[in-house]
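Please read the structure below before turning to the comments.
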Amino acid sequence: MIIDDKKVEDLAHLARLEFSDNQKQSIKSDLVRIIEFCDKLNEVNTEGVEPLIYLSDQKNILRQDISKPGLSKLEVLKNAPSADSDYFKVPKVITK
Amino acid sequence: MLKNDKYEVVIGLEIHSQLLTQSKAFCSDKVAFGEAPNTLVSPISLGHPGTLPVHNKEAVNMAIMLGLACGCDIREYNTYDRKNYFYPDLPKGYQITQMDTPICNNGSVEIVLADGSKKEINLTRIHMEEDTGKGLHDLDIENTLMDYNRAGTALVEIVTEPDFRSGDEAYAFLSEVRKLVRYLGVCDGNMEEGSLRCDANVSIRPLGAKEFGTKVEVKNMNSMTNVKKAIEHEFERQCEMADKGEEIFSETRSFDAMKGTTFSMRSKEVANDYRFFPEPDLPPLVVSQEWIAEVKAKMPALPKELYNKFTKEMELGDYDASILTESREVAEYFLEICENTKNYKAAANWTMGAVKSWVNSNATHIENFPLSPATIAEIIASIDSGTINFSVAEQKVFPALLDSPVKKVSEIIAEQNLALMDDDDALQKLVDEVLAEFPDKVAAYKSGKRNLIGMFIGQIKKKSGGKADPKKTNQLLTKALS
């Protein structure tokens, strides 16, 4: 994988992060090092090995369809960076 | 039907259907529409650190049932995936969905078009996922306001093959799917409230071409009519672009119901990148044959099966069968009448006539109709046996029963003295009386004015208070006048 400025900008956008030009350069070199490090894993021959997704062999952990009261509105909104008495407030996401 | 001599429209639909579970897909928050904002929310639906989702078994049952109803293959080994994106409608930063292992594959739904022709619409897949929260964009000038009551509600997404060639076909499919989910009781099918939502992938291609054009995704159509309109608008728009030599690019557009047009929603330079990966918080779901059999056993009769039963076994016409199967409740009411009568045609007529008009004029549902199907069967039996005739049943007995639904049909007939006269002597007496009253008319009849018989019957009916059996009256009159 090639990590160039464009890739860093795309990743920053997906993560909703903003970097200054200096930060961009240091993130880029960090990412390059991380990718190189991970590439080491590619040296192992994994042919015929199923990907490991789950660390336990549990299956069908299901619950019955019973509703329970959730949090109070006060608790729900407690950690919100911005809220009124009813809603979370976020920057406008639609511009018509 | 869309007509264009150069291009044809190709449409595939994606239908999101909210499942009618009591609690959400992965936590036990209550599912309800129209509650005060942010009151049906838990740390799991808010995506707080350290929370763990657990799948709702009923949501899986409903997905399997819908799949069975559409003739899908039900997947045995299911996993879940995270669809990652930062948007305030999902506080976790990802949506739990099934990217690689949809629980249902293939299958189809048959639609009936306006001209009566039928078409099979193939399904690609039905997968399980969770709904998002709701953003209110117009309440506050500077902010979008978020309500997470809906976040985490169990959904299934039905994805069709690009099998539609007109807005009318898409409309017919949506009505069929809505009928089906309502029959199965897995979704209330309410497009206005958003419990059934439809996105359309629309592209055009030159007539006769095999390959598909670039598709445009259209969202935010909150009624079946709007889906049809949006497709028709999009077809025209794309044809115009193609004629001008403009390139149609892949984008998401929103339908503007006021203008009947679509507008671009997302800037195209930033392509979506959802970075799907397996959801490690949810262990795999294994659907056994026994489980599928259990769901099958609980499945109600499907509209198509009932239609076939009504037309073939019960020998009703196509029109009657279509009307009776429009909703499960109406079909069930009709079937319950038929448990007590073999006169299926009469049962159909009463269901579609007097019963349905009561339902309509009271703006309610058949579940609230006060008379039991057995009572309707009793009315039918009283007519069939000749105790009362249809007009007495409809105009006197039926309204009287509505006033006192606990009474029996026979009680009403006795109380109001509605039974047709079955006493030949009494009827003969009325015939004699009338003939004695109108000697001149009798003479006229005998001299050839045969249509006067109607006048005599009318007089006798009047004297009997409407209870003279018209057939018998006619017989006795003809005899007396000969």
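So what is the calculated 222 nm ellipticity per residue for the protein assembly as shown, using -39500 (n - 2.57) for each DSSP H run with n of 4 or more, over all residues, to the nearest 500 deg cm²/dmol?
Here the helix-only value at 222 nm equals -10500 deg cm²/dmol.
Output ³J(HN,Hα) for the range B:253-263: one whole-Hz value per residue in order, computed from phi by the Karplus curve 6.51 cos²θ - 1.76 cosθ + 1.60 with θ = phi - 60°, and x for Gly and Pro.
Ordered by residue, 3J(HN,Hα) equals 10, 10, 8, 9, 5, 5, 8, x, 10, 10, 9 Hz.
Note down the Stokes-Einstein diffusion coefficient of the range B:175-326 in µm²/s, whole number, using a Kirkwood radius over alpha carbon pairs, 10 °C, and 1.306 mPa s.
81 µm²/s
How big is the convex hull of the Cα atoms of the range B:424-481, per residue, in Å³?
Convex hull of Cα atoms, per residue: 65 Å³.
Taking H as built 1.01 Å from N, whose amide H comes closer than 5 Å to the amide H of B:Cys104, not counting residues under 5 places away?
Residues meeting the amide H criterion: B:Arg75, B:Ile126.
Any idea what the alpha-carbon Rg over 2.2 N^0.38 Å comes to for the range B:248-347?
Its radius of gyration relative to the 2.2 N^0.38 Å reference: 1.93.
Given H placed on each backbone N at 1.01 Å, which residues far from B:Asp81 in sequence or on other chains put an amide H within less than 5 Å of it?
Here the answer is B:Thr97, B:Gln98, B:Met99, B:Glu279, since their amide H atoms fall under 5 Å of that of B:Asp81.
Around B:Gly386, which amide H atoms from residues at least 5 apart in sequence, or from another chain, sit under 5 Å from its own amide H, with H modelled in the peptide plane?
Correct list: empty.
What whole-number distance in Å separates the alpha-carbon centres of the range B:213-257 and the range B:423-462?
73 Å
Identify the chymotrypsin sites (Phe, Trp or Tyr not before Pro) of the range B:211-249 meeting these criteria: DSSP loop state and at most 13 other C-beta atoms within 10 Å of the C-beta.
B:Phe212, B:Phe249
Over the alpha carbons of the range B:148-256, what is the largest minus smallest coordinate on each principal axis, giving the biggest first in Å?
Answer, in whole Å and largest first: 47, 30, 21 Å.
For the range A:67-83, what does the Karplus curve 6.51 cos²θ - 1.76 cosθ + 1.60, with θ = phi - 60°, yield as ³J(HN,Hα) per residue in whole Hz, taken in order and with x for Gly and Pro?
Per residue, the Karplus-derived 3J(HN,Hα) values read 8, 10, x, x, 7, 6, 4, 4, 5, 4, 8, 4, 8, 5, x, 8, 7 Hz.
If you line up the long axis of helix B:373-384 against the longest principal axis of chain B, both from Cα atoms, how many degrees apart are they, to the nearest 10?
30 degrees
Which entries in the list B:Lys215/B:Lys259; A:Lys68/A:Lys92; B:Lys342/B:Lys471; A:Lys24/B:Lys215; B:Lys407/B:Lys471 go over 27 Å, if you measure between the two C-alpha atoms of each?
Cα-Cα > 27 Å for A:Lys68/A:Lys92; A:Lys24/B:Lys215; B:Lys407/B:Lys471; rest within.
Based on the Cβ-Cβ distance of A:Ile61 and B:Gln395, what FRET efficiency does E = 1/(1 + (r/R0)^6) give at R0 = 51 Å, to the nearest 0.05?
0.25
May I ask you to list the lysines whose Cα is less than 17 Å away from that of A:Lys73, ignoring any residue fewer than eight positions away on the same chain?
A:Lys89, B:Lys30, B:Lys134
How fast does the protein assembly as shown diffuse by Stokes-Einstein, in µm²/s, taking the Kirkwood radius from C-alpha pairs at 20 °C and 1.002 mPa s?
Estimated via Stokes-Einstein, D reaches 73 µm²/s.
Would you mind checking the radius of gyration and Dmax of the range B:7-291 based on alpha-carbon positions, in Å?
My reading of the Cα-based Rg and Dmax gives 19.2, 58 Å.
State the answer as a single residue: which of B:Leu46, B:Tyr183, B:Ser108 lies farthest towards the positive end of the charge dipole of chain B, with beta carbon charges of +1 for Lys and Arg and -1 for Asp and Glu, about the Cα centre.
B:Tyr183
HN-Hα J couplings of the range B:189-196 from phi, Karplus 6.51/-1.76/1.60, θ = phi - 60°, integer Hz, Gly and Pro as x?
After applying 6.51 cos²θ - 1.76 cosθ + 1.60, I find x, 8, 6, 5, 7, x, 6, 10 Hz.
Can you list the equivalent-ellipsoid semi-axes of the range B:313-422, largest first and in whole Å, using the square root of 5 times each Cα gyration tensor eigenvalue?
Square roots of five times the eigenvalues give 23, 16, 11 Å.
Rounded to whole Å and sorted largest first, list the principal axis extents of the Cα atoms in chain A.
If we take the Cα atoms of chain A, the spans are 52, 46, 27 Å.
Please compute the Kirkwood hydrodynamic radius of the range B:361-429 from all pairs of different C-alpha atoms, in Å with one decimal.
With all distinct Cα pairs of the range B:361-429 included, I get 13.0 Å.
Can you tell me what the convex hull of the Cα atoms of chain B projects to on average, as an area in nm²?
That works out to 33.2 nm².
Any chance you could give the angle, 0 to 90 degrees and rounded to 10, that helix B:57-69 forms with the longest Cα principal axis of chain B?
On a 0 to 90 degree scale, this one is about 60.
Over the Cα atoms of the range B:4-148, what radius of gyration and what Dmax do you get, in Å?
My reading of the Cα-based Rg and Dmax gives 18.7, 59 Å.
How many angstrom lie between the C-alpha centres of the range B:22-47 and the range A:42-56?
37 Å
Going highest first, how would you order B:458-465, B:183-190 by mean Cβ packing within 10 Å?
With the highest mean Cβ count within 10 Å placed first, the list reads B:183-190, B:458-465.
Using a Cα-Cα cut-off of under 16 Å, which lysines could be cross-linked to B:Lys210, ignoring same-chain neighbours fewer than 8 residues away?
B:Lys6
Principal axis extents for the range A:56-96, Cα atoms only, whole Å, descending order, please.
Projected onto its principal axes, the Cα set of the range A:56-96 covers 45, 28, 20 Å.
Laboratory data are not the source of any read-out in this text; all were calculated from the coordinates shown. Since we're looking at a predicted model, the values are computed, not measured. Note that we place each Cβ from the backbone using ideal geometry, even for glycine, and neighbour counts take in every protein chain shown.
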